[in-house]
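Chemist: My questions will all concern the structure given below.
The values are calculated or read from the model by the stated rules, or taken from the named source; none is laboratory data. Quantities reported herein were computed from a predicted structural model and do not represent experimental measurements. Here the Cβ is made from the backbone with ideal geometry for all residues, glycine too, and neighbour counts use every protein chain on show. Each accessible area value is taken on the protein alone, full model and side chains, heavy atoms only, with ligands, DNA and RNA left out. Shrake-Rupley method; radii C 1.70, N 1.55, O 1.52, S 1.80 Å.
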Amino acid sequence: MTMLQARDPRTGQLDYSFAAASRDDIERATNRLRAAGQDWQKLGLEGRIARLTKLADVIGQHRNAIAERLCVDTGRRKIAGREVDGAIGAIRGWIAQSPHLLPDGWTEGRMNPAIRHAPQFVPYSLVGVISPWNFPLTLSMIDTIPALLAGCTVMIKASEVTPRFVEPLQAAIEDAGLKDVLTFVQGAGATGSDLIDHVDAICFTGSVATGRKVAAAAAGNMIPAFLELGGKDPLIILDTADIELASDAALRGSVLSTGQACQSIERIYVAKSIHDAFLKKLVEKAKAVRLNWPDIGAGEIGPIIFADQADILQRHIDDAVAKGARALTGGQVETHGGGRWLKPTVLTDVTHDMLVMREETFGPILPVMAFDTVDEAIQLANDTEFGLSAAVFAGTLEEAEHVGRQIEAGGVSLNDAALTALFHEAEKHSFKLSGMGGSRMGPAGFQRFLRRKALIANTGTPAPIGAFAEDAP
Ligand code: NAD
């Protein structure tokens, strides 16, 4: 049995041990899920809605136990509670929406009205979900809920960096009577890779580097891979923008959750005429952001969850400074009580030759660059191999929309930033290296777990072979 250890991000202590599931463990568990899956499909949507309503209620009863463990996993308390509440809200939201998402009935053919067709929606029997450490619970449940409602069974592998919340959440799943159709396995990359070999579709949230491996493994197994990967989200601020509002959006969009969010703003482009005033305001506000240390009950930003990420943040800052950038705030990863923190770091004099403008940083770093023309801003925003999301701030919605339509990214926030974290109703794809597969959000987030089967009926008479003879009229 392979034992793994997890680090507490507030203390740096490796104080939690857990066993990684072996390939045999996965085989046994997936056989059990597949067997139960038949009854799960027979329940129909209405039956599954009843069972998931119970799951939402039971997670509510287990809320504190789950949130407490998640708080240790992530070093932040308020967001841990919000993750649990968000999962309950997502279950209720999909329950309300899912009955309205599938067409029904027969459609007459265009070419030959005697031939009609009707759809049947066939769920994948078993869906695998692999999640990252930055929002451990949210990103374990985000695809799981619509997959279950669609009639799939689900096996989740949470990140080995944040494993503590799994036990109390699994207890809630058992109390809700759903353990035969929904289960977690614990482990690192090897367990994730074994999982892909046992499922009919894989939903993966994580880095581009791992996403490539997942895509290759899924292709080898001929299963669909839905990949939600990294980003390098730009924010463009036009000269008509209100500086007070734009700086609020820029700061929150960049440093919320310590910047450990895929939709975090990672590059800020500001019109030259307002650049200096904007930068002054941003620095003022960034300096006021507090670490939630030593008191977890105060402050805006928590520790860096994954220790190695702290090294990446420092490397990006040092590379930028070595190439001529200046840190106006923050700039140095700090160690407190064994955990690692970074205060919001506003960088100026940045160029696209710096790592901080090219690679995903995943931390509270705000590189700010001035632009002369709107076309230049759009060109800079699109000068990236990522295309997850973006934002545009302007004096009017029309101006912001005009620019937003020219950005190569799947979700563009207008007159705010990082709205894709708060609003899940709009369908969106991940562009470029940021992902692959159907939209996780909006109706497609449910529909993609159902294979389309066409029932095609001839209400006339079948054609004889002679109708196709070379010498037929
Ligand atoms: P990661 O790619 O290192 O790990 C993600 C998961 O993959 C973990 O559970 C890990 O154990 C597993 N894994 C590792 N190797 C594997 C393999 N060979 N086969 C199968 N599974 C394997 O990512 P991370 O560091 O945990 O998370 C941070 C990344 O996630 C960032 O790049 C961030 O942008 C991205 N992310 C994307 C979204 C989105 O919706 N687009 C949301 C959150 C995070």
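Chemist: Hey, residue 218 hits all of (1) farther than 24 Å from residue 145 by Cβ; (2) within 15 Å of the ligand (Cβ to nearest atom) but one; which does it fall short on?
Modeler: (1)
Chemist: Turning to a different aspect of this structure: Determine whether region 451-461 contains at least one residue that is farther than 30 Å from residue 151 by Cβ, open to solvent by less than 50 Å² (accessible area, probe 1.4 Å) and at pLDDT 95 or above.
Modeler: yes
Chemist: Let me ask another. Within region 397-436, how many residues are open to solvent by 80 Å² or more (accessible area, probe 1.4 Å) and on the phi > 0 side of the Ramachandran plot? Talk me through it step by step, then tell me what you get.
Modeler: Filtering region 397-436 for residues open to solvent by 80 Å² or more (accessible area, probe 1.4 Å) gives 397-398, 402, 405, 408, 422-425, 427, 429, 431-432, 436.
The next check asks that each one be on the phi > 0 side of the Ramachandran plot; those that pass are 432.
Result for region 397-436: 1.
Chemist: I've got another one for you. Here is a check on your reading of the model: is residue 249 open to solvent by less than 10 Å² (accessible area, probe 1.4 Å), modelled with pLDDT of 95 or more and more than 16 Å from the ligand (Cβ to nearest atom)?
Modeler: yes
Chemist: Of everything in region 84-121, what is open to solvent by less than 40 Å² (accessible area, probe 1.4 Å) and outside any helix (DSSP H, G or I)? Give them in sequence order.
Modeler: Residues satisfying the conditions are 101, 105, 109, 114, 118.
Chemist: Please go through (1) buried (at least 19 other Cβ atoms within 10 Å of the Cβ); (2) in a helix (DSSP H, G or I) for residue 376 and return the number of the only condition it doesn't satisfy.
Modeler: Residue 376 satisfies every listed condition except (1).
Chemist: Quick one: in region 280-297, of everything that is part of a loop (DSSP other than H, G, I, E, B) and farther than 23 Å from residue 164 by Cβ, which residue is farthest from the ligand (Cβ to nearest atom)?
Modeler: Filtering first and then ranking leaves 288.
Chemist: Something else now. Taking region 315-340, which residues are touching a residue at least 24 places away in the same chain (Cβ under 8 Å) and surrounded by 18 or more Cβ atoms within 10 Å (Cβ to Cβ)?
Modeler: 316, 317, 320, 325, 328, 329, 330, 333, 339, 340
Okay, residues lined up against (1) out of contact with any Asp or Glu (no Cβ under 8 Å at 6 or more places or on another chain); (2) over 13 Å from residue 149 (Cα atoms); (3) touching a residue at least 60 places away in the same chain (Cβ under 8 Å):
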| residue | (1), (2), (3) |
| --- | --- |
| 59 | yes, yes, yes |
| 72 | no, yes, yes |
| 76 | yes, yes, yes |
| 103 | yes, yes, no |
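Chemist: Same structure again: Could you say whether any residue in region 168-187 is out of contact with any Cys (no Cβ under 6 Å at 6 or more places or on another chain), under 24 Å from residue 359 (Cα atoms) and either open to solvent by 10 Å² or more (accessible area, probe 1.4 Å) or assigned to a helix (DSSP H, G or I) (or both)?
Modeler: No, because not a single residue in region 168-187 is out of contact with any Cys (no Cβ under 6 Å at 6 or more places or on another chain), under 24 Å from residue 359 (Cα atoms) and either open to solvent by 10 Å² or more (accessible area, probe 1.4 Å) or assigned to a helix (DSSP H, G or I) (or both).
Chemist: Among the residues of region 1-40 satisfying the criterion of being in a helix (DSSP H, G or I) and polar (S, T, N, Q), which is surrounded by the fewest Cβ atoms within 10 Å (Cβ to Cβ)?
Modeler: Ranking the qualifying residues of region 1-40, first place goes to 38.
Chemist: May I ask you to verify whether residue 209 is without any contact (Cβ under 8 Å) to a residue 24 or more places away in the chain, small (Gly, Ala, Ser), within 15 Å of the ligand (Cβ to nearest atom) and not assigned by TED's automatic domain parsing to the domain that holds residue 303?
Modeler: So residue 209 fits the description; yes.
Chemist: Among the numbered criteria (1) closer than 25 Å to residue 375 by Cβ; (2) within 16 Å of the ligand (Cβ to nearest atom); (3) part of a helix (DSSP H, G or I), which one does residue 277 miss?
Modeler: Answer for residue 277: the failing condition is (2).
Chemist: Residues being near the ligand (Cβ under 9 Å from one of its atoms) and either assigned to a helix (DSSP H, G or I) or at positive phi (or both): count how many of those fall in region 128-150.
Modeler: Selection size over region 128-150: 2.
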